[in-house]
Each structure stands twice: as structure tokens, then as C-alpha cells.
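Written out below as C-alpha cells is the structure these notes cover.
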Amino acid sequence: MTRFCSFQAMLLASLTILSIFSGSVSVLGQPTPPSVDAQRERFQLPSGFEIQLVISDPEIGQPMNLNFDARGRLWVTHSVEYPYPAAGEGVQPDRGKFAGGGDHPPRDRLSIVEIGPTGNASQVTHFVDGLNIPIGQTPLKDGSEGLVYGIPSIFHVADRDGDGRSDTQTALYSTFGNIDVHGNANAFTRWIDGWIYGCHGFSNHSEITDAAGRTVVMDSGNTYRFRSDGSHFQQFTWGQVNPFGITFDAWGNLFDSDCHSKPVYQLLRGATYPHFGNPEPAIGFGPSMIDHAHGSTGICGPAYYSADHFPEEFRDNLFICNPVTGRVHRDKLRRVGSTLLCDTQPDFITTDDPWFRPVDAIVGPDGALYIADFCNRVIGHYEAPLDDPDRDRTHGRIWRVVWNGEPSAPPQSIDLTKLSTADLIVRLSDPNLQVRTLATNYLIDSRADEVLDPLRATLASESDPFTRAHGLWILERLSAMDSEAVERFANDSDPLVRVHLFKMLAERESLLESERQLAIQGLQDADAFVRRAAADALGQHPTSDNIAPLLHAWQAAREADTHLIHVLRLVLQRHLETRSPFQEPGTASFSTGQLTAEQQRRLLQIASVSGGDRAAGIVFELADPQTIDPAVLVRSAVLITRTASVESQLRLVELAPQWFANDAGQQLSLLSAIYEGATQRGGESSELKRQLQRWLERLAPAQLKTLQAGGSDWSRQPALGMETSASPWGIQNRGSADGNTDARFWDSISHGERLTGVLRSPTFPLPETLSFWLCGHNGNPKNESSDANHIRLVLVDSGKTIAQQMPPRNDTAQRYTWTIDPNLIGQQAAIEIVDADRGNAYAWIAAGRFEPPVVQVADESQESRLIELIGSLDLSQFADTIDSLISDRRQSIDVRQQAIRTSIRLGRTERSFAIVSDLLSDPSQPPALRMQAAAALAGFDTDASRDRLVAAIAQSPASLQREIASGLARTTAGIDRLFDAIAAGNASARLLQEPGLVDTLRRSASEKQLQQIDQLTQDLPPANEKLAVQLAHHRALAHHRPSAEAAVAGRIVFDKNCAACHRIGSSGQLVGPQLDGVGNRGADRLLEDILDPNRNVDVAFRSLTVVTIDGTVVNGLLRRQEGETIVLADSTGREITISTDDIETQQKSTVSVMPGNFAESLAEQEIQNLLAFLMEQRAKKESPAGRPATP
């Protein structure tokens, strides 16, 4: 066995680490952490606790994950490679910033640490060498075997010759993606059910195949579980951003920590959790258990304390690592039925030492809390670049926290391998969950041939609940659980045992009818944990006989027990979506007539968010269009078309027009949903397409006639006397004075306050009264109000304004009511929301919650969707009408842009070419429309189209020049024409330095053309010279301490310009990185992010450029793939769905989806205000350790 305890060995290891870093990281001159003693003095813990060093560099590198084996030894994966993978098999191409990766073989390790009585390492064995950024690991058997992740696989490692070091290494599960290494495969946690649970890290795409040939595909954050022999790999939950760390409680509840969503979740099998680009599933996200983020987005390594070494106050607590703020948080769990909620306590560990970076925690078999300290001044990937010279790669420490107060006893570990089988059975009742878990697995691993008889004898006598709960798993895993034992445990007096019995039944391949009846009985148990476990067991064994009892259990559940309700809903969904025939153990086939009216309502609720023929049949049978929300049917239509048989799809097309026979708008919504589902599926059947064509042929004439007459949807017009601008109008949820926070409002702040325009509603007959909620401003509150922003009620025939209201100069919506002149009731009218204020602050308006609901605040323009569907379904008979809409200045920009795309799609090449050419050359047309025309012309890829583009470039503003140049840059012929335009002085050579254009040129240009680019730009100042001046200027301004008012004003700037893509707390959208704690980046880095968003672009947030077959160019952040479609988010946060069949080319860019000229839309003071607000977003100072938290 290799020992590293002598001075000589430590010196040798130190020299080795110094030498292996030569050429990649400068160790000499690099900052170093404080000494162990100095660091320990800076820790603050509650009174009575002591923190002790277990092990430090150079014996280990930077620690990743911790675990314990049956001998009580600490296992740790640690790295000197991170964050740059070494060259090796399965390493994916680097991410652009990983320039530090060398050609040397991997040098990371899995080490085993024996711990002395004072907590220090008495012996260290490097069990496995040559790993590549290892994270997840778990010991097996007596600690002579284990599993460890290292790029790109989970390996089985074993010591066969008894020297304490692994001499075999076999890949069990491959292949894990590793484009991003700060999550990868982590937190391997072996549980008493025989599964090993783990987390899948951010941004990676993995395809894992087990020994049975099953393949699991995971993208970015997910959790999974697998068998130790390679036989089975199974996804457990979906979503999360970068989950890191797993822990169990005694009930078998599974917790993990995540970044950018919530610090901790109680995970439910099959649930989906929030993630970048992951829309909320129809059934909803898995519920949360905490209402804050613990002050940062970098949360990891939770440990549930279930032992008796700590005082009672600290038991059944979650300890959560926060490497960004250098804290270990403490959350006491409060039970609401089967839901556990966090009552946050004072932080357990705090320090002012910037090197303390806790990344993983675990409760040891001695009852102490062990903490892996990454020991690095630079921890974040967004706060500093990966190759930051201060990013440490050699230091690491592991600490343990013990209780030395009164009463106290020294923490005692134990070597389970030295115990007799009888003594091991006694350990099944140990107060420490870690000991019980290790004893359970060790008895199965190494004492299977002798444990059953003494275990049965113990279970037959007086035994405690822990012994019975762990004992039943031993019986089950050794195939020794008989029916009598199942019934006895199911009726055990202690709910802990009943919970584990039903969790055990969930793992069986099938259930006997008697066992299913026990689970049905469990749905009515007095304990909510038992009810949840019973429901999950039934969910793994769907049969129609289960549906009514599950619906009854849902109806009986406490509304506050969110976890029980979500499991019941998931289980019912699984019953409807299962593709195998229902098991029918005791009754005839299922009929909804057996259910009460309330149960039918709940079943329809689940069917409408489920896929497959069973769910479709229930929707067809139970949906009443007179009472159901039409949005529910639209959502269901997508699922049915995407997942059900052609027969169900055709039945849906037959019923949908009947549901809304007198509402063409709702019919169009359903038709659109059906087509969307078919697109996601990968194309509609020929019969379905014929039926959709016939349906749209009936709907389109009247809809198009209305559109040509002025439109039926909300239309966007310029404000009177003002030039046409981009539309300011968007939809957001806004708060109202009555406490409502979920209502949707039209507002003019979504795209910035400087934009102006009028938003006009569809026409409607005037009611007796019309109420609405309104918020917004008319200039600075210190100044007199103007009437530039207002909402008005206009008669259609005369255009007369009959009512008008200015905004309340308040961000919270207030209610207003107009009483209509009795002589006007029934006449056609429209609502117009007006923003005519060009100001950059206090210059917006928002309106919503109209009653009666004569108009709706609706996301998608029906008009644009109608035009898109005409093209998608090849209805060329409407081509002339479509062409007329392109030139119709009364139409919204969205309608005209979509008409261009549809005209081209319908094959009207010559006519379309003439129309878009005229649009491009007409300076009076809206800029957005001219840019669409330029993109469309580029798509023709002919000499004539290039002639038109070059002719227009000289007379175009800079934004349009960039669009034209981008279109020309797609082909070598176009690049030559662009060079000609530059040489003739009709375009600036600076275009060739535009970040987005540079990417396109690199992909398309010939070698000769690349040399010409160098020649044309050689005399130009660097592209970032102006930016450097701006940065220096704003950095100088930032040195002055901002006022409190600046941060308040900065919040307004953020809400206007950033919240469409970024979230702070619960405000904003999760498109780009969440910005809680972003102030830790410092003013310099934040200014770079604001003024030069392309400087530090994480690969996960680089834009994708898609060119469609109709020539449309779409730039955006890839959010997700939905069947055979991809979904991008543009710079405003708007989602764009593109069928993969419509994609001509797609290319990942090196630039951000955030506009490179973002700062140009802000005034100097706005930038400084935004900076002041962002700098305030640091980790919140929580209550001092040992004192009660204040509300």
C-alpha cells in the first residue's frame, strides 16, 4: 500500500505538482492560500463546534466529491487538470477558452484517506491514477472496489492483488459529454435500494448505453441512477441547470442542489425541473422547497444530517455548500404532509477568507460533517475567464466539523468489515444514517450467504423501525421477501417501514394483485409520506383499476402538500401515456362513467397535458367546449398530434371545428396547434395534411378579408406625427393593486422606453361598462405629467375618441372603469394604447385585465400565424393576397415580414423578387422590414439579387448595411461583390470587423478572399479601439461611489433592457445566465459584460445562425429541440420555432445573442445606474452564526 505521510514523500509530491504544471500554469508568483492555521482562525461557526483539517495539498489536488466506504475511510476525487481536460480518449473539442489544455496524459486521482482520532489523515492511498477530471465516485464491497467517473465514462476499478491500489479499470457506462467540465457526472450516492444516484452537468450532451443495450440521452442538467454491475442505466428526473450533490434522508427522500434555479430540491421520480431553455411542461415543474437562492447561483454539495453527534437543533438539517460566497448554509426542514420546506437558519460556516470554496459535504460514519474545499480565489466561470492567471490548480483541503460542546463525545468511526454478521445487523439500527446505509450494502455485498437467517430472527423479534426498514431491503435484494413479509411490512406500526415497503414495491418488475391492493390501501394511510410512496409504486405498475383510487387520493390531499399532489398527477399521467396495454388484474376495462363528476374533471385535467391515444380519447369524451378554457384544448391538440396515432389526429381534426363552430379565431388556434404538433413529430401524414388544407381553405378567405380591411388582431401603428419605429409592444406579467401578480399586460417597456407607437385592439361591440387595469408613467414624477402616454376608446366608424385615461405614474396597475353612453352601447369600437413619449425613463404604459373580456392579451399574432400556415400547407390560391399584404403599410411589421416568407415559400419567385427589391430600396419603409427584404434577397443567391443588394448598400444606414453585408457574405460570389462595394467607397471596410460578420466570412470565404480581408482592414484601427475608450471612461466614472438613487434607477434600466433574458431573484426570464450574486464579478468585469458582450461568452450562450430554405436568417440562442423542431430565443427573449425540414444551414457563432451594440441603446447615466444596481447583487449577509434569523 502506498503511504504519503513521511516528510520525504510530501516533499516529493510537492515538487511533482510544481513540475507537472510547468508550461500550463504559472505556479511561481501565483497567489497562495493562507496557511491551514491562519485559515482555521478565520472560520466562524456556532458555539460548541470545531473545524479540523483532514487533508490538504500536496497530498491531494482540488477535491471534487467525497464518499465513505465500509471501513470508514474517506474517498475523494481530486484534480490538477480542472478546468482544462488533459488530452485523452473521449475528450471533446475544447470550448475556445480551454487553451490551457496540454498534450500530457491525465494526472487526476481517486484517493482513499484513513482518518485519525483528531480528524487528520493518518494514511493516504492513491487508489486510481491517470483520471481525467474525475468527479462522481462510490466505493463498493469492502472498499477494494469502486466506481468512478473520469472523462468520458463511469469506470469500475478494483484492487485484485491486495496492494491497496486499483489494478483493473473497466468502462461500465459511456459516453458522457464533457464540453463543459464543471458539472459532468457527479455525486454518485449508493442507496439501500441497490441503485447508485448521480447528477448530469450543465451544457453536456451524453448518450449512455448499458449492458442491456438501452440508451439514455441527456442534455444539460438531469439526474439518473444506475446499477453497479453495468446492467441498467435509468434517467430519474429531467431538467435543472447544473445539479451538483445528492443526499438522502431516512425516509428515502432524495435531495440535490442546483445552480441558477433553486439551491435545493426534493426530487420526485419523473418530474421536470427548471433549466435554461426548458419550458415548463404542460403538467408543471416539480415543486420547490425553498423560496430564495441563498445569495448566489453557485450552490452545490448538500448533506442531510441524520446522526446523533451534533446537538438536536442541528439534526434533520440540510447543510448546503456555497463556493461563490464561501459559506455553508443551514436549512431546517419543516414538514407539510409529504412536502419538506426549508426554514433557513443562520449560516453554519462563514469566513472572510476568499480562498474557502466548499463544493461538497457529507456526514461521516463518525457523525462529523466533512467538507471539500476547492481552495481557490477564482471560482466562477462567468466572473472570470477560465484562463485567469489567478485561477489556482494546485491547492485543495478537506475539513471536518465536530461538536465539542456540552454534552459531547469524541466522534467515533467504525470499520464494518471487522464486525460479525450479527453485529452488522445490530448496526442497521445505528442512529447514523451513513452507518445504516453502509451496513445494509455491505451485508448484501459480502455477507449474502449468511445474513438471511439471523436477519429474519431479528425482524421476528422486537426490532426498531430502522432495522425493519433496512432489513426489508436486504430481504428484497436477496430475493428472500415472501408475500407474508410484504403484508406484514405494509401494515407495520411505524410509517417509516411502510414508506420503504412501498418504495420497494415500486422497484419490482410487476405486482401481484394482493400487492397492488396493499398499495391502494397505502393511498389512504394516515401518513402523507406513505401515501406518496404508495402512489409512486402504483405509477410504476399502471393499470386502469388504479385510476379511481389515485383520483380520490388527489382529491383528499392537502393543497399545501405540493409534492404529494405532483406525484399523484405524474402517476396519473403515466397511466394515460403508457404504451403497453393496461394490466387488468381484477376488473373490466376502464370507463370514465365509473367516476364522479369531480374525478372526471381532474382526469380531463391530466389527459389534456398527456400524450397518446388514451389521453386523446378522454379529451374527446370529456371536453366540453362550453366550459373548458380554449387554451387547454390548444395545448392538448399539440400533444395529441405529436404523440397519438393518425386515427386520433384525424378524429381531432373532425371534432375541433365543431367545438368552436362560430369562432373562426379559436378554430385557427386549434389548426395551428395541430400543425405545430405534426411538425414536432417530424411531418404530418398525407391524410392529415389534406384535412388541414381543407380546413384552412374554409377559414382563410374570411380571415384574409378581415386582415385586408384592417386586421382582426391587435395591430401596431406609428404614433401620430412620429416616424415609424420598431414596435415597443410586448407582453409581461405585472402586479396589480389587488395583489394579483399573474395577469398578462400589453406594455411598451419590453423593448426599451425610447420606442413609440400605437397598439390597436380588434373591434368589438361596446358593453355598458368597460374596466381595465393600467400602470406606467408620463415622464419623471418630479415633473408635470403629459398626455403622451394614454389608453383611449375609439369608435370604429367615426374614429372619435369617447374615453381616455392616462397612466397612474405607478409601476403597480390600478383599476379604471369607463361607463359607456347608453346611446353608443352595441356600436363597434376599438381600444388604442398609445406611447408617444420618446424619453428614456418613466416613459411607458401597460394595460390588461379587460372586463368584460371584449379583447384578450394574446401572445401570438393570429394574422401572422394564418399567413405562415398558408405557406406551410401550400395554399397557393391565396398567393396574390399574400403579395398584397407585403406592400400594405397598414399591416403590422410582423404580418408583412411573414408575408415575405410565405410568398417565397409558395414559389412566387419572380413576383417575390420584385416586391422585396422595391422594399429594400425604399427608405420610407420600416428598418425591420427592409432588413427582412435584404435577407430574403440574399436567399435568392443570383447575380440579380446581389446586384440589388450592392445597389442598396450605399444608401443604407449602418444596421441595414450590416444585414446586407451578412447576406452577401454567405457565398464567395457575394463576398466578391461586397469587396467591390468597399473598394468603390459604397460601404465601409469596418463591416469586415463586425463580430457577427467575421464568423460568416470565416465560414464562406476562400483562402484568397481571407487574404483580401486582411488587406482591406490592415490600415483600420482595431475594432475594439473605440470600445476600449468607452470602457476606460466608464471605469473612471465607476470609481465614484454611486448614490442609492442610482441603484434604484438601475433597477428600472434592468427591467426595461435586461429582464427579457436575465433573471434576478424571481424577476425576469431565464434565457441567459441568472444574475443573482452577479455583483461578485466586480465593476470592471460587469462593464465588459455590458459594453462588450462578445468578450466573455460562455459556449452555452453563444448564438446559433440558422438559414432557412426561404432565405430567412435567424440568429438566437438555441433553447431546446422539440421533436423535429428547434427553438431559438432572440435578443429580446422571444422564442422562434423552426422545423428541421426548413433549415438549409445552421452554424454556431462565437458571439453572444446579446447585441454587440447593446450599450448604444443606453445613455451614459443609464449605464452607470445599471452598473450600480448590478453591483448591489451580491451575496446577502445572512444572520450571524449562532443567532436567530430575523424576518
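All of the numbers you see were taken from the coordinates with simple rules; none came from a lab. In this text the structure is predicted, and so the values were computed from the model without any measurement. Cβ atoms come from the backbone with ideal geometry, glycine included; neighbour counts cover every protein chain shown.
For the pair Ser771 and Glu462, how long in nm is the line joining their label points, each one 7 Å along Cα→Cβ?
Between Ser771 and Glu462, the simple spin-label model gives 6.7 nm.
For Ser420 and Glu507, what is the calculated FRET efficiency with R₀ set at 35 Å and r taken between the beta-carbons, to the nearest 0.05?
Values: r = 29 Å, r/R0 = 0.83.
For R0 = 35 Å, the calculated efficiency reads 0.75.
So which GluC sites (Glu not before Pro) in the stretch 758-867 pass both tests, a DSSP loop state and at most 14 other Cβ atoms within 10 Å of the Cβ?
Numbers: sites: Glu768, Glu784, Glu832, Glu860, Glu863; in loops: Glu768, Glu784, Glu860.
Here the sparse-neighbourhood loop sites are Glu768, Glu784, Glu860.
Extension gain Leu650-Ala631, at 0.36 nm per residue separation less the Cα-Cα distance, in nm? Please report the intermediate quantities before stating the final value.
Details: separation 19, 0.36 × 19 = 6.84 nm, distance 2.00 nm.
The Leu650-Ala631 span can extend by a further 4.8 nm.
Any number yet on Rg/Rh for the stretch 908-1023, C-alpha, Kirkwood? All intermediate terms of the calculation are to be shown ahead of the outcome.
Details: Rg = 13.6 Å, Rh = 14.1 Å.
Rg/Rh for the stretch 908-1023 comes to 0.96.
Are there trypsin sites (Lys or Arg not before Pro) in the stretch 828-889 that DSSP puts in a loop and that have at most 16 other Cβ atoms within 10 Å, and which ones? It would help to have the intermediate numbers written out before the result.
Numbers: sites: Arg838, Arg849, Arg865, Arg889; in loops: Arg838, Arg889.
In loop regions of the stretch 828-889 (DSSP not H, G, I, E or B), the sparsely surrounded trypsin sites (Lys or Arg not before Pro) are Arg838, Arg889.
Between the stretch 166-183 and the stretch 434-454, how many Å separate their Cα centres?
Comparing the Cα centres of the stretch 166-183 and the stretch 434-454, I get a distance of 29 Å.
Work out the FRET efficiency for Glu207 and Thr578 from their Cβ-Cβ distance, taking R0 = 22 Å, and round it to the nearest 0.05.
Details: r = 24 Å, r/R0 = 1.11.
That gives a FRET efficiency of 0.35.
Quickly rank 317-323, 212-218 as a protection proxy: mean count of other C-beta atoms within 10 Å, highest first. Before the final figure, lay out each step's value.
On the way: 317-323: 26.1, 212-218: 11.9.
Sorting 317-323, 212-218 by mean packing, highest first, produces 317-323, 212-218.
A 29 angstrom limit on the alpha carbon distance is what I want to check against. Which of Lys782/Lys1026; Lys262/Lys1026; Lys262/Lys1056 exceed it? Let's see the in-between values first.
Numbers: Lys782/Lys1026 36 Å; Lys262/Lys1026 40 Å; Lys262/Lys1056 25 Å.
Where the Cα-Cα span goes over 29 Å, the pairs concerned are Lys782/Lys1026; Lys262/Lys1026.
What's the center-to-center distance, using Cα atoms, between the stretch 913-980 and the stretch 608-680 in Å?
42 Å
What is the sum of charges, Lys and Arg at +1 and Asp and Glu at -1, for the other residues whose Cβ falls under 10 Å from the Cβ of Val157?
Overall, the nearby charge balance is -2.
Give the angle, between 0 and 90 degrees and rounded to the nearest 10, that separates the Cα long axis of helix 528-539 from the longest principal axis of the Cα atoms of the chain.
Value to nearest ten degrees: 70.
List residues of the stretch 544-562, by number, whose backbone nitrogen lies under 18 Å from a label position 7 Å along Cα→C-beta of Asp316.
561-562
What length, rounded to one decimal in nm, is gained on full extension from Arg838 through to Val1048, with 0.36 nm per residue of separation minus their alpha-carbon distance?
Working: separation 210, 0.36 × 210 = 75.60 nm, distance 2.10 nm.
Full extension of this stretch gives 73.5 nm more.
Using 7 Å Cα-to-Cβ label points, what is the Arg1041/Leu478 separation (nm, one decimal)?
7.0 nm
Using only the Cα atoms of the stretch 675-783, what are the Rg and Dmax in Å?
19.9, 65
Arrange the peptides 177-185, 993-1001 so that the one whose residues have, on average, the most other Cβ atoms within 10 Å appears first. Write down the numbers at each step before the final one.
Values: 177-185: 24.1, 993-1001: 20.0.
Ranked from most to least packed, the peptides come out as 177-185, 993-1001.
Can you give the net charge of the other residues whose Cβ lies under 13 Å from the Cβ of Leu875, counting K and R as +1 and D and E as -1?
On the way: positive: Lys689, Arg690, Arg694, Arg698, Arg905, Arg908; negative: Glu697, Glu868, Asp874, Asp880.
Taking every Cβ under 13 Å from that of Leu875, the sum is +2.
How far is helix 433-446 tilted, in degrees, relative to the longest principal axis of the Cα atoms in the chain, given as a value from 0 to 90 rounded to the nearest 10?
Helix 433-446 sits roughly 70 degrees off the main axis of the chain.
Over the C-alpha atoms of the stretch 729-851, what are the Rg and the largest Cα-to-Cα span, Dmax, in Å?
Rg, Dmax (Cα atoms, Å): 14.2, 42.
Sort all Cα-Cα distances of the stretch 304-345 into consecutive 5 angstrom bins from zero, then give the percent of pairs in each bin up to the one containing the longest distance.
Values per bin, smallest distances first: 6, 23, 25, 23, 16, 6, 2.
Once the principal axes of the Cα atoms of the chain are found, what is the range along each, listed largest first in whole angstroms?
94, 79, 58
Apply the Karplus curve 6.51 cos²θ - 1.76 cosθ + 1.60, θ = phi - 60°, to the phi angles in the stretch 567-573 and return the couplings in whole Hz, x for Gly and Pro.
Taking θ as phi minus 60°, the curve returns 5, 4, 5, 4, 5, 5, 4 Hz for the stretch 567-573.
Can you show me the helix-derived [θ] at 222 nm for the chain, built from DSSP H runs with n ≥ 4 at -39,500 (n - 2.57) apiece and divided by the number of residues, rounded to the nearest 500.
Details: 32 runs with 384 residues, N = 1191.
Counting only the DSSP helices, I get -10000 deg cm²/dmol.
Please give the contour-minus-distance gain from Gln521 to Thr32: 0.36 nm per residue of separation, less the Cα-Cα distance, rounded to one decimal in nm.
Numbers: separation 489, 0.36 × 489 = 176.04 nm, distance 6.15 nm.
Extending this stretch completely gives an extra 169.9 nm.
What is the calculated FRET efficiency for His292 to Thr215, with r their C-beta to C-beta distance and R₀ = 45 Å, to the nearest 0.05?
Working: r = 38 Å, r/R0 = 0.85.
The value I calculate is 0.75.
What nm value, rounded to one decimal, do you get for the distance between Arg698 and Gln658 when each label is placed 7 Å out toward the C-beta?
1.2 nm
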